[in-house]
Amino acid sequence: MTSKRPSLTAEQLALSEARKAKKAKQNVAAPTTASLVDEVKGRIIDRKWIQIKDADNVPSGHRVKILTWNLLAQCLVRRELFPNSDCLKAVQREHMLYREMLQHNADILCLQEVDRLEKLLPVLESAGYAHRYAAGPNKKHGCLIAFKKDLYEEMGLKLILYDKENVRDTDEEGVSLCGSTFRTRNIGHIVALKHTQCDEGLVIATTHLFWHPKYVYEKARQAAILKREVVRFKQSIGHDDWPCIISGDFNFTPDDPVYSLIVGDPVLPVQEEKLRPSYVVHTTIDPVVATGASETTDGNNENEEEGADPDKVITNARAARPVDGLLSLSELKNLFLSSGPPLKSAYDSSLRGYLESFSESNKPTRTFGDRVSIPSSRLGGYEPEWTSYTFYWKLVLDYIFILDAPQSQSTITGVLSGHRTEDLQPGLPQLGVCGSDHVLLSAEIVFTPTLT
């Protein structure tokens with residue numbers, strides 16, 4: 001029996017085929033996170049979540065879970081830096097990195113030393129994250145902020161080039177406004193995020209400060225600029241009422257003068273002694289400086305970030321002069337204070353009270369203060385015991401800092417515990433342990449409006 005349906009015109013047939021093709025394309029499953037992350041190659045040591053406050057004991061507010069992690073850029077990997085690592089090839093590390101950054105289900109990721117974007121971005125996208133990436137001039141790695149697309153939408157972004165930022169407002173004849181000691185090409189990366197379900201928002205910043213352990217002044221300068229520019233940015237977009245989270249690899253320890261400056265602790269005489277020798281000007285700022293050492297000893301080599309010897313001396317530099325515009329300690333303090341109250345560390349502020357109820361043998365995590373003597377009156381003792389652990393350096397360098405908005409307060413409800421030292425030995429990265437030389441940090445924070 002012949003069909004009574006009218007025959008289709010050529011245009012109608014073409015349209016029908018196009019619809020079928022579109023439907024078939026939609027039915028093809030997009031790559032899933034499971035298909036992109038090999039669970040066997042991604043095996044790591046899992047860490048416990050420390051629930052510091054129950055949800056019932058925290059006022060309702062804007063709740064966000066954030067993590068920060070230096071991934072160890074593949075372009076910086078050298079065998080001489082990690083002589084006892086068993087996984088220095090990208091194919092050995094990448095699935096450990098992917099699994100660890102995704103298994104915590106954080107709302108926002110702040111990543112440093114990010115390269116191989118062609119591999120990382122499909123993993124993030126399959127897990128529902130949008131992202132913003134930025135890098136310093138001519139750098140092969142950079143900083144990336146990722147956020148869940150169903151929770152946040154981007155409202156603005158800013159790149160901070162520390163080398164180009166001034167720290168002096170007044171133009172004294174012949175005096176540098178930049179006040180820098182070294183052209184480092186480091187950056188700060190800022191993104192403003194608005195919640196998709198309400199009018200609440202956050203300003204998120206991540207950074208990777210200059211690595212050289214002897215350039216204390218330069219790290220203080222960069223940290224102060226970061227805080228200042230985060231505050232200026234949120235004011236410029238009309239959201240001074242939004243809190244800020246500033247996290248990343250700061251390359252200073254909790255007993256360092258820069259840590260004290262950023263959290264508002266007094267700078268001790270012993271810290272001043274550490275700061276004083278860093279008042280120099282490197283040949284990257286003043287080319288007239290004689291360069292008697294090789295390129296790999298001046299800290300400006302791309303492959304030497306996180307250099308092999310943490311006790312290196314300053315080379316290819318001269319003593320600073322008044323015309324160089326470096327800030328005195330009192331001027332550094334004023335620069336930090338001029339952009340608002342001190343920053344609060346998510347780990348130090350939350351673990352300080354929580355761990356006091358545990359005996360030494362029953363602590364759910366160990367802290368910096370368990371191995372380095374810090375008076376209880378000073379901040380920093382409750383940072384993680386380690387955030388970077390390798391053959392050459394075993395340090396705390398990474399932090400999650402919070403800057404509350406004028407009419408809100410933050411409560412840290414939980415943090416990710418640290419690794420046991422014995423699990424990190426003989427040094428990261430290690431197969432089955434961690435794919436980076438740094439340790440991932442994560443915190444859940446609730447921002448609650450305060451009564452006016």
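Mind counting the residues in the range 414-452 that are among the charged types (D, E, K, R), free of Cβ contacts under 8 Å to residues at least 40 places away in the same chain and closer than 20 Å to Tyr98 by Cα?
So the answer is 0.
I need the full set of residues from the range 164-206 which are surrounded by 15 or more Cβ atoms within 10 Å (Cβ to Cβ), farther than 19 Å from Ser338 by Cβ, β-branched (Val, Ile, Thr) and without any contact (Cβ under 8 Å) to a residue 60 or more places away in the chain, in order please.
Passing the criteria: Ile187, Val191.
Give the residues of the range 112-127 that are part of a helix (DSSP H, G or I) and either more than 20 Å from Val64 (Cα to Cα) or among the acidic types (Asp, Glu) (or both), sorted by residue number. Before the answer, list the steps.
Here is the first cut: in the range 112-127, the residues part of a helix (DSSP H, G or I) are 117-126.
Across the range 112-127, the qualifying residues are Leu117, Glu118, Lys119, Leu120, Leu121, Pro122, Val123, Glu125, Ser126.
Is it fair to say Leu161 is among the aliphatic types (A, V, I, L, M) and crowded, with 18+ Cβ neighbours inside 10 Å? Working first, answer last.
Details: among the aliphatic types (A, V, I, L, M): yes; crowded, with 18+ Cβ neighbours inside 10 Å: no.
It is false that Leu161 is among the aliphatic types (A, V, I, L, M) and crowded, with 18+ Cβ neighbours inside 10 Å.
When Ser376 is evaluated against the numbered criteria (1) in contact with a helix residue (DSSP H, G or I) (Cβ under 9 Å, 6 or more places away or on another chain); (2) modelled with pLDDT of 95 or more, which criterion, by number, is the only one it fails?
Ser376 satisfies every listed condition except (2).
Run down Phe391, Phe401 and say which single residue is of a type in the set (A, V, I, L, M, F, W, C) and either out of contact with any Ser or Thr (no Cβ under 8 Å at 6 or more places or on another chain) or over 28 Å from Cys244 (Cα atoms) (or both). Don't jump to the end; show me each part of the working.
Values: Phe401 fails: either out of contact with any Ser or Thr (no Cβ under 8 Å at 6 or more places or on another chain) or over 28 Å from Cys244 (Cα atoms) (or both).
Every option except Phe391 fails the conditions.
Which one of the conditions (1) in contact with a strand residue (DSSP E or B) (Cβ under 9 Å, 6 or more places away or on another chain); (2) more than 30 Å from Leu88 (Cα to Cα); (3) hydroxyl-bearing (Ser, Thr, Tyr) does Ser338 fail to meet, given that it meets all the rest?
(1)
Checking the conditions here, which among Gln51, Gln74 is over 18 Å from the mean Cα position of the chain (by Cα) and at pLDDT 95 or above?
On inspection, the qualifying residue turns out to be Gln51.
Could you go through the range 399-412 and let me know if any residue there is assigned to a loop (DSSP other than H, G, I, E, B), touching a strand residue (DSSP E or B) at 6+ places or on another chain (Cβ under 7 Å), β-branched (Val, Ile, Thr) and within 27 Å of Ala205 (Cβ to Cβ).
Start the filter on the range 399-412 by keeping residues that are assigned to a loop (DSSP other than H, G, I, E, B), which leaves 404-407.
Still in the running and touching a strand residue (DSSP E or B) at 6+ places or on another chain (Cβ under 7 Å): 404, 407.
Of the ones still in play, those that are also β-branched (Val, Ile, Thr) are none.
So far as the range 399-412 goes, no, none of its residues is assigned to a loop (DSSP other than H, G, I, E, B), touching a strand residue (DSSP E or B) at 6+ places or on another chain (Cβ under 7 Å), β-branched (Val, Ile, Thr) and within 27 Å of Ala205 (Cβ to Cβ).
Could you tell me which residue of the range 330-364 is nearest to the chain's Cα centre (by Cα), considering only residues that are of a type in the set (Gly, Ala, Ser) and assigned to a helix (DSSP H, G or I)?
Ala346
Looking only at the range 91-111, which residues are surrounded by fewer than 16 Cβ atoms within 10 Å (Cβ to Cβ) and either part of a helix (DSSP H, G or I) or of a type in the set (Phe, Trp, Tyr) (or both)?
Val91, Gln92, Gln103
Within the range 425-446, which residues are in contact with a Lys or Arg (Cβ under 8 Å, 6 or more places away or on another chain) and buried (at least 21 other Cβ atoms within 10 Å of the Cβ)?
Answer for the range 425-446, where residues must be in contact with a Lys or Arg (Cβ under 8 Å, 6 or more places away or on another chain) and buried (at least 21 other Cβ atoms within 10 Å of the Cβ): Pro429, Gly435, Ser436, Ser442, Ala443, Glu444, Ile445.
The values are calculated or read from the model by the stated rules, or taken from the named source; none is laboratory data. The structure displayed is predicted, hence computed values, not measured ones. Reconstructed Cβ throughout: ideal geometry from the backbone, glycine too, with neighbour counts over all protein chains shown.
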